[in-house]
Amino acid sequence: MKKKAPNKLKILNDPIYGFIQIPNSLIFDIIEHPYFQRLRRISQMGFSNLVYPGANHTRFHHALGCIHLMQKAIRVLRFKQVEISKEEENGLLIAILLHDIGHGAFSHALEHSIVDNISHEEISLKFMKKLNNEFDNKLSLAIEIFEGKYHRKFLCQLISSQLDIDRLDYLRRDSFYTGVTEGNISSDRLIAMMNVKNDELVIEQKGIYSVEKFLIARRLMYWQVYLHKTGLVAENMLVNVLKRAKELANKGEELFATKPLKYFLYNQINEENFSDETLKMFSKLDDYDILSAIKEWIHHPDKVLSLLSEMIINRKLFRIEIQKEEISKEKQEKKKTKFLEKINISEKEVNYFIFTQKISNQAYSLEKPIFILNKKGKLKDISKASDQLNLQALTKPVIKHIFCYPK
């Protein structure tokens with residue numbers, strides 16, 4: 001009896017958009033691949049769930065939401081007589097599906113601790129090239145679009161720009177799961193207002209207020225969620241735990257770790273030596289490896305590692321001060337001296353517990369403008385087209401200084 005071919009045109013249920021359709025068997029097979037399934041085990045918002053308990057969604061959720069919105073955008077543009085071939089459609093869908101595949105455990109924390117000078121975008125590209133080999137070069141166009149090298153600029157802008165599909169999903173999704181309603185943008189309205197003029201992705205004049213709301217929502221989400229002081233301090237503590245573990249590993253000390261985590265702790269990984277073997281190990285590393293290690297490190301004899309690990313697991317986070325001026329050296333030294341009287345560690349080790357950092361937020365950059373298409377067919381930068389004076393202010397980066405120390 002002939003074996004029945006499996007149905008790969010699945011429909012998934014999403015809490016935000018309802019039904020999401022997987023459009024073809026190639027995309028189904030990419031989603032089924034272990035590289036992509038790993039995203040189920042990578043949190044979208046790192047330690048933000050220590051502030052917003054509902055923020056437990058993953059990169060997997062986000063990627064599927066993006067492919068749904070991209071399908072909508074393609075339909076809208078085709079309806080407006082913008083030619084997009086079947087190959088370009090597939091390239092767009094694969095590029096947006098895989099745009100975050102290179103994210104490490106707890107999203108951004110690994111980029112600053114156990115992997116040196118290589119961004120998640122570069123790792124995403126390595127994954128895409130590896131998958132391209134496995135899928136008989138069917139991802140070549142998606143890679144070209146993802147890299148911004150495709151000759152049709154607006155297709156690249158759908159993947160990466162100041163009003164791209166990625167942002168349209170994560171703002172709405174993160175708003176939903178955190179319960180922070182300020183970020184609840186109308187992605188449907190923004191997509192419905194999309195058009196193409198001079199090979200540039202633009203928004204029709206009718207959508208100007210939706211763009212204004214989008215930019216203001218993004219600014220509010222950054223200060224209220226992504227740069228929330230508790231989330232910031234938790235992520236910095238995680239980075240410091242991993243840095244300390246790496247420091248001990250470099251000295252040859254034995255540390256509990258899963259095989260993938262051990263590989264990154266005991267090897268110096270950077271852009272130059274990021275090999276196929278490294279990619280294979282990276283594809284097996286996720287939030288669970290990090291959390292299981294931190295839980296075990298509580299019992300490690302190294303005081304710095306055990307204390308930081310215990311603080312993270314039991315949510316005994318540092319106090320954090322945020323201000324516009326730089327933190328004075330005198331203030332830092334005073335806190336360090338006081339802490340050293342309490343705990344027997346070296347002056348160098350105290351920097352794991354007391355530290356400063358600069359944070360910045362620029363809601364809108366004039367370098368990659370969002371263009372509004374007026375009724376006469378002319379393009380105008382949103383900051384000039386809008387009568388909302390706040391938009392001019394959003395073009396200036398806001399820089400703040402944080403100071404973290406134990407309570």
Given the protein chains as shown and a 1.4 Å probe, how many square angstrom of His151 are accessible, to the nearest 10? 140
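In Å², what does the accessible area per residue of region 300-365 work out to with a 1.4 Å probe?
With all protein chains present, region 300-365 gives 63 Å² per residue.
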What is the spin-label model distance, in nm, from Gln224 to Lys149 if the labels are put 7 Å beyond Cα along the C-beta direction? 4.1
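How big, on average over all directions, is the shadow cast by the Cα convex hull of region 1-120, in nm²?
On the way: hull surface 43.8 nm².
That works out to 10.9 nm², a quarter of the Cα hull's surface.
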Sort Thr278, Thr258, Thr181, Thr337 by accessible area with a 1.4 Å probe, largest first. Thr181, Thr337, Thr258, Thr278
Could you give me the percent of Cα pairs per 5 Å distance bin for region 204-264, shortest bin first, beginning at zero and ending with the bin that holds the maximum distance? 4, 15, 14, 12, 10, 9, 10, 8, 7, 6, 4, 2, 1
Residue by residue, what Karplus-based ³J(HN,Hα) values in Hz, rounded to whole numbers, does region 50-65 have, using 6.51, -1.76 and 1.60 with θ = phi - 60° and x for Gly and Pro? 6, 9, 10, x, x, 7, 10, 6, 10, 4, 4, 4, 4, 4, 5, x
Mind listing the Cα extents of region 198-350 along all three principal axes, in Å, largest one first? 63, 47, 29
Accessible-area composition of region 111-173, carbon plus sulfur, in percent [1.4 Å probe]: 42
State the three equivalent ellipsoid semi-axes of the chain, derived from the C-alpha gyration tensor as the square roots of 5 times its eigenvalues, in descending order and whole Å. 39, 29, 17
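Sorted by accessible area with a 1.4 angstrom probe, largest first, how do Trp297, Trp223 fall? It would help to have the intermediate numbers written out before the result.
Details: Trp297 0, Trp223 55 Å².
Sorted descending by solvent-accessible area, the residues read Trp223, Trp297.
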Taking the dipole about the Cα centre of region 271-369, with the C-beta of Lys and Arg at +1 and of Asp and Glu at -1, give me whichever of Leu308, Tyr288, Ile327 is farthest to the positive side. Ile327
Between helix 208-221 and the chain, what is the angle of the helix's C-alpha long axis to the longest principal axis, kept within 0 to 90° and rounded to the nearest 10? 10
Can you tell me how region 124-214 classifies by the Cα gyration tensor, rounded, prolate or oblate, using a/c under 1.5 as the rounded cut? oblate
FRET efficiency estimate (nearest 0.05) - Cβ-Cβ, Asn133 to Ser365, R0 45 angstrom: 0.80
Dividing the surface of the Cα convex hull of region 260-382 by four yields a projected area in nm² of 14.1
In what sequence, largest accessible area first, do Asp29, Asp136 appear using a 1.4 Å probe? Asp136, Asp29
Output wanted: per-residue J couplings in Hz (rounded whole) for region 173-183, from phi through Karplus 6.51 cos²θ - 1.76 cosθ + 1.60, θ = phi - 60°, x for Gly and Pro. 5, 5, 5, 4, 6, 8, x, 8, 5, 4, x
All-pairs alpha carbon distance profile, region 345-407, 5 Å steps from 0, percent: 4, 14, 16, 13, 10, 8, 7, 7, 7, 6, 4, 3, 1, 0
Accessible area of Val304 in the full protein assembly, 1.4 Å probe (Å², nearest 10): 0
Rounded to the nearest percent, how much of the accessible area of region 236-311 (1.4 Å probe, protein heavy atoms only) is carbon and sulfur? 50
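Is there a quick way to get the dipole size of the chain? I mean about its Cα centre, with the Cβ of Lys and Arg at +1 and of Asp and Glu at -1; what is the value in debye to the nearest 20? Display every interim value, and only then the final one.
On the way: 63 positive and 51 negative charges, 212 e Å.
Using only the charged Cβ atoms, the result is roughly 1020 debye.
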How many nm separate the modelled label positions at Gln205 and Lys400, each set 7 Å beyond the Cα in the direction of the Cβ? 3.8
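The values are calculated or read from the model by the stated rules, or taken from the named source; none is laboratory data. A quick note: this is a predicted structure, and the numbers were derived from the prediction, not measured. When we count neighbours, we look across all protein chains shown, and the Cβ atoms used for this are built from the backbone with ideal geometry, even at glycine. Calculation scope for accessible area: heavy atoms of the full protein, side chains included, ligands and nucleic acids excluded. Shrake-Rupley method; radii C 1.70, N 1.55, O 1.52, S 1.80 Å.
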